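The values are calculated or read from the model by the stated rules, or taken from the named source; none is laboratory data. Quantities reported herein were computed from a predicted structural model and do not represent experimental measurements. For neighbour counting, all protein chains shown are included, and Cβ atoms are generated from backbone atoms with ideal geometry for every residue, glycine included.
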Amino acid sequence: MSGRPKVYSVAIEVTAHCQQKCAYCYNAWREDNGAGMEAGSAKKLHARVEKLLAAIDVDHVTITGGEPFARRDLFELLDLVDAKGAGIQIISNGGLVTDAIAARLAPYRVSYVQITLDGPTAELHDEHVGGDPSAPEGQRHFDRTLAGIAALQRAGVPVVGCTVVTRKNAARLGEILTLFQSIGVRHVALSRFSPAGYAARHAAELLPSRDDLLVAFRQAIPFAKGERGEPMRLTCTMPVPPCAVEVEELHPLEFGVCAIGTSAQEFALGPDGRLRHCTLHGAGLGGAKDILDDDVDPARIVTGAEVREYKRTLPEFCAGCSHASTCGGGCGAASEWVLGARTFPDPLVWQHVDDAFSAKLATEREASRARRRLEVIA
């Protein structure tokens, strides 16, 4: 244990494949469903995780993807991580979870499986995740996700909910939380949409405004206070810059900040073996090499200058802000994907500051509406 740097978490993206087509997906490889991303054999994946966990002392790993349950050797990987003494949590869409899978997962004592619902109905949820809401009942992503949650609960596996708060569903967050509450999910991560990776092309369509977030969060407060039944724990996991929303006025909702360079950072290990700042960032650290390469030392990467110095480079707009050292300008990954560089603050903020960017988003939204109208006519 001694001599290894302590790391809070690493998100291990075990596959590039997913059966859903979420417009908000931050995976950069989403366009071709991972065909251009070499995910590696079980042997290579296990070797990467072995090397990583030998080099750093990690509190827990987050198993993610793609859809982790699409990987047939997932339980072999869980065995490896469990043997190393690291905690385990899983992010899934739930649609592939059966009673058999849930029963097999139960003995691992994972902290939780986080599963997303983006609407209180099949129509709204499937609109977000690329499904066909007109499909027969039981065959929609919405139905399969609810079935996966139920299977995990029957097996005694803890479930944490998640909702990606977008321009499309912000006004219905209260209904979504009511649904989670009705199925016994008491902890929900409110992950406001951040246009990184594949999702960058959907910024105009999905990026919520400041007012959208306030509408959503104000609906959530009564659930957190216990005014809608048993109190729910509602954690806002994607950073919300305090210059956009005064988060201290939204107690008891819990808000986090970008953790890069702090003791709470969750690094990402991609299907190609590269370590990144987090799952939203596209660029690899330490020369962007597979960590299996002989000249790559994961311990040096996670303690390197790229990580330590990250928040010392701030957007000019943020100069003098008392929150700059913690906020860091919001989601830097989204700034890079949408605006080209971290010299700009988070697009969530920039849409309310820069008239040209705001007009560009409005034009793209109208063009998207026009395309949908033509599709209906056709």
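Tally up the residues in region 55-85 that are among the small types (Gly, Ala, Ser) and in contact with an Asp or Glu (Cβ under 8 Å, 6 or more places away or on another chain), please.
Count: 3.
Among the residues of region 326-343, those identified as more than 16 Å from Ala259 (Cα to Cα) and surrounded by fewer than 24 Cβ atoms within 10 Å (Cβ to Cβ) are Glu336, Leu339, Gly340, Ala341, Thr343. The residue of region 128-168 that is nearest to Lys21 (Cα to Cα), among those that are of a type in the set (A, V, I, L, M, F, W, C) and part of a helix (DSSP H, G or I), is Val129.
Tell me, which residue of region 344-378 that is in a loop (DSSP other than H, G, I, E, B) and either in contact with an Asp or Glu (Cβ under 7 Å, 6 or more places away or on another chain) or among the acidic types (Asp, Glu) (or both) is farthest from Leu207 (Cα to Cα)? Among those residues, the one meeting the criterion is Asp354. Among the criteria (1) at pLDDT below 95; (2) closer than 15 Å to Leu275 by Cβ; (3) surrounded by fewer than 17 Cβ atoms within 10 Å (Cβ to Cβ), the one Tyr8 does not fulfil is (1).
Only one entry of Arg186, Arg140 meets the criterion of being free of Cβ contacts under 8 Å to residues at least 24 places away in the same chain and among the basic types (Lys, Arg), and that entry is Arg140. When Gly85 is tested against the conditions (1) surrounded by fewer than 17 Cβ atoms within 10 Å (Cβ to Cβ); (2) touching a helix residue (DSSP H, G or I) at 6+ places or on another chain (Cβ under 8 Å); (3) farther than 29 Å from Thr145 by Cα, the lone failure is (2). Against the criterion of being buried (at least 19 other Cβ atoms within 10 Å of the Cβ), touching a residue at least 12 places away in the same chain (Cβ under 8 Å) and under 18 Å from the mean Cα position of the chain (by Cα), Met232 does not qualify.
Annotation note: Cβ proximity below 6 Å between a residue of region 145-159 that is under 14 Å from Arg186 (Cα atoms) and touching a residue at least 12 places away in the same chain (Cβ under 8 Å) and a residue that is in a loop (DSSP other than H, G, I, E, B) and not aromatic (Phe, Trp, Tyr) (sequence gap 6+ or interchain) occurs for Ile149/Gly94; Val159/Val185. Scanning region 325-362 for residues that are within 18 Å of the chain's Cα centre (by Cα) and without any contact (Cβ under 8 Å) to a residue 40 or more places away in the chain turns up just one, Ser335. Residue check: is Gly85 assigned to a loop (DSSP other than H, G, I, E, B) and closer than 30 Å to Thr303 by Cβ? Yes: the conditions hold for Gly85.
There is no residue in region 43-51 that is touching a residue at least 24 places away in the same chain (Cβ under 8 Å), touching a His at 6+ places or on another chain (Cβ under 6 Å) and either surrounded by 20 or more Cβ atoms within 10 Å (Cβ to Cβ) or outside any helix (DSSP H, G or I) (or both).
Screening the candidates Ala244, Ala268, Ala259, Ala264 for the property of being assigned to a strand (DSSP E or B) and touching a residue at least 40 places away in the same chain (Cβ under 8 Å) yields one hit, Ala268.
Of all residues in region 100-109, none are surrounded by 24 or more Cβ atoms within 10 Å (Cβ to Cβ), over 26 Å from Lys360 (Cβ atoms) and touching a residue at least 24 places away in the same chain (Cβ under 8 Å).
Residue count for region 117-127 satisfying the condition of being crowded, with 18+ Cβ neighbours inside 10 Å and assigned to a loop (DSSP other than H, G, I, E, B): 4. Scanning region 331-343 for residues that are part of a helix (DSSP H, G or I) and either over 20 Å from Pro239 (Cβ atoms) or small (Gly, Ala, Ser) (or both) turns up Gly332, Ala333, Ala334, Ser335. In the condition set (1) surrounded by fewer than 16 Cβ atoms within 10 Å (Cβ to Cβ); (2) among the acidic types (Asp, Glu); (3) touching a Pro at 6+ places or on another chain (Cβ under 8 Å), Asp132 is compliant with all but (3). Checked against (1) surrounded by 15 or more Cβ atoms within 10 Å (Cβ to Cβ); (2) at negative phi, Ala283 passes all but condition (1).
Checking every residue in region 193-200 against the condition of being surrounded by fewer than 19 Cβ atoms within 10 Å (Cβ to Cβ) and either modelled with pLDDT of 95 or more or not β-branched (Val, Ile, Thr) (or both) gives zero matches.
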